[in-house]
């Protein structure tokens, strides 16, 4: 019974989130690149990745460690 419930939740989530891709807004891109050495290059790269993601291409996403 539990496996059927898990399978149905998985399929439900797959159907709902299959068409949506979430990306940074332009404000979030500027905020993210504010501390970079070359801000303009960082902004160009992230905006290019944003458009590629919205078109459906696979992109690499940098992961930053959490600082307390």
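Taking the fewest neighbouring Cβ atoms within 10 Å as the starting point, the ordered list for 68, 30 is 68, 30. Among 11, 46, the order by Cβ neighbours within 10 angstrom, fewest to most, reads 11, 46.
Values quoted throughout were computed directly from the atomic coordinates according to the rules given, and no laboratory measurement underlies them. Quick caveat, the model's predicted, so the values are computed rather than measured. Reconstructed Cβ throughout: ideal geometry from the backbone, glycine too, with neighbour counts over all protein chains shown.
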